[in-house]
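Worksheet for the structure shown next.
The values are calculated or read from the model by the stated rules, or taken from the named source; none is laboratory data. This one's a predicted model, so the numbers in the text were calculated from it and none came from an experiment. Reconstructed Cβ throughout: ideal geometry from the backbone, glycine too, with neighbour counts over all protein chains shown.
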Amino acid sequence: MRADDLRAIAESFEVTRLPAGFHDNPFPVYRALREHAPVKRMADGSYFLTRYDDLIAVYKDTRTYSSDKKLEFKPKYGDSLLYEHHTTSLVFSDPPLHTRVRKLIAGALTPRAIASMEDGLIRLVDTLLDRMHDNAQRNGKVDLIEDFASAIPIEVIGNLLGVPVDEREPLRDWSLAILGALEPVLSPEVFDAGNRAVAEFIDYLNGLIARRRAQPGNADTDVLTRLIQGEPDGEKLSAKELLHNCIFLLNAGHETTTNLIGNGLVSLCEYPAQRARLLASPELIKSAIEEMLRFESSNQLGNRITTQAVEIGGVAMPAQTRLTLCIGAANRDPSQFDDPESFDIARGPNRHLAFASGAHACAGMSLARLEGQVAIGRLVQRFPNYALAGAPLRSGRVRFRGFLQIPATLGG
Ligand code: HEM
């Protein structure tokens, strides 16, 4: 694309009015912004950041760049349950609430705890692969989201919080509805659905928490028991903090991981030479997952607010300026990645920002990586000729990049 075209794209960019084709392929727009307006002012006075180094600088400085969203969410959500939820969860809070909750959650997601989940995960994935095989025999094709990618995180997080298997069904819809309300544009329908989902979720969790209080689980591995009990001799979470952080945890590991698996499987179809490479060298699965996270990051946007006057990339801004951090753009920044628009499953180094960085870096990243490695690694080896059976259906979201359906055949 010519420099003039890129400049025009950058100049007209507005996150609430996205150009046609953006959802299918936002990367030319991200490139235009990186090159011509890397700190781009939006009509509402916020800034949209696309350069790798700028994102790193923001992530590292939690004093200057706050995660607290009360100011931003009040006008958006008013006095609603969505407001209460999104302003009480750790991801959208600063110390001391953030430190307290993070410590409790991180303590249950240690490398040892995660390694102990691997056998169960392999069994789950193999069961789903068997089921897909039977489905494909009957119907000719399967849906890699419905039949596979979305079924994995729901079981994993369900196990982590000890949600009984037969009570997990509504979790996915609640999660989609609550996270959907974080999109830059919020329709009344999405707002209502989000609030309804928080209400139903709270209702469900009140019962689950009461049962767990009566019968605590093993605090080393059961996150809900940890969150209920708090640190030994430390502070405990209030009832409201407990509820909203359970909801957050269920949501955080859900759509994001579904999208990692779905996006990765589609990328392998679009880049057959890379798939052949993975088939020939299965040990590449770890770097392949990192590349999938970089190339088609399931979480494309993050947000911060300035606590004091700052300058980013030569642009001066006052305190209380809202920032959107574009992970999808930073992950293709040529100043950090050689040949960033190419999909290379053996890429190294690969210091992508798919899990963000700094104090709020994803607390579930090791678990997400393991889910991706087991799910994609085993599917590719079991069905080496799987193929798309029609165009995958995009979710149409900007913040969370992924598919709602991926029709596929499993090959001979
Ligand atoms: C591919 C899958 C995943 C991706 C791409 C992802 C991405 C992210 C990102 C970008 C953040 C930082 C948000 C910010 O500060 O702006 C985050 C935070 C978080 N994620 Fe993940 N995540 C994934 C899976 C998971 C899983 C499986 C879990 C839990 C089981 C999880 C739990 C969390 C938690 C608790 C936080 C908040 C950390 C904090 O604020 O200190 N995530 N995630």
Of the criteria (1) at pLDDT 95 or above; (2) part of a loop (DSSP other than H, G, I, E, B); (3) farther than 17 Å from Gly264 by Cβ; (4) β-branched (Val, Ile, Thr), which one Val398 fails: (1)
Criterion violated by Val185 - all others in (1) touching a residue at least 40 places away in the same chain (Cβ under 8 Å); (2) crowded, with 20+ Cβ neighbours inside 10 Å satisfied: (2)
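Would you check which residues across segment 364-382 are more than 12 Å from the ligand (Cβ to nearest atom) and surrounded by fewer than 19 Cβ atoms within 10 Å (Cβ to Cβ) and list them? Break it down stepwise before answering.
Of all residues in segment 364-382, those more than 12 Å from the ligand (Cβ to nearest atom) come to 374, 377-382.
Of everything in segment 364-382, those that are more than 12 Å from the ligand (Cβ to nearest atom) and surrounded by fewer than 19 Cβ atoms within 10 Å (Cβ to Cβ) turn out to be Arg378, Gln381, Arg382.
Would you point out which residue out of Val380, Val374 is part of a helix (DSSP H, G or I), under 21 Å from the mean Cα position of the chain (by Cα) and at pLDDT 95 or above? Explain how you work it out, then say what you get.
Details: Val380 fails: under 21 Å from the mean Cα position of the chain (by Cα).
Exactly one of Val380, Val374 is part of a helix (DSSP H, G or I), under 21 Å from the mean Cα position of the chain (by Cα) and at pLDDT 95 or above, namely Val374.
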So Ile209, is it in contact (Cβ under 8 Å) with a residue 12 or more places away in the chain and closer than 21 Å to Leu82 by Cβ: yes
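Out of all the residues in segment 335-347, is one or more within 14 Å of the ligand (Cβ to nearest atom), modelled with pLDDT of 95 or more, touching an Asp or Glu at 6+ places or on another chain (Cβ under 8 Å) and not charged (D, E, K, R)? Write out each step before concluding.
Looking only at segment 335-347, we keep the residues that are within 14 Å of the ligand (Cβ to nearest atom), and these are none.
Checked segment 335-347: no residue is within 14 Å of the ligand (Cβ to nearest atom), modelled with pLDDT of 95 or more, touching an Asp or Glu at 6+ places or on another chain (Cβ under 8 Å) and not charged (D, E, K, R).
Suppose we keep only residues that are in a helix (DSSP H, G or I) and free of Cβ contacts under 8 Å to residues at least 40 places away in the same chain within segment 70-93. Which one would you say is nearest to the ligand (Cβ to nearest atom)? It would help to see each step written out before you state the result.
At the first step, the residues of segment 70-93 found to be in a helix (DSSP H, G or I) are 70-77, 81-88, 90-92.
Cutting the leftovers down to free of Cβ contacts under 8 Å to residues at least 40 places away in the same chain gives us 70, 73-75, 83, 87, 92.
Details: Lys70: 16, Phe73: 14, Lys74: 19, Pro75: 20, Tyr83: 18, Thr87: 13, Phe92: 8 Å.
So the residue we want is Phe92.
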Every residue from segment 275-325 that is small (Gly, Ala, Ser), within 16 Å of the ligand (Cβ to nearest atom) and farther than 18 Å from Ala375 by Cβ: Gly302
Selected residue [outside any helix (DSSP H, G or I) and over 18 Å from Arg397 (Cα atoms)] from Asp4, Asp44, Asp24: Asp44
Pairs where the first residue, in segment 103-119, is in a helix (DSSP H, G or I) and the second is more than 10 Å from the ligand (Cβ to nearest atom) and among the hydroxyl-bearing types (Ser, Thr, Tyr), C-beta under 8 Å, 6+ apart: Ala113/Thr221
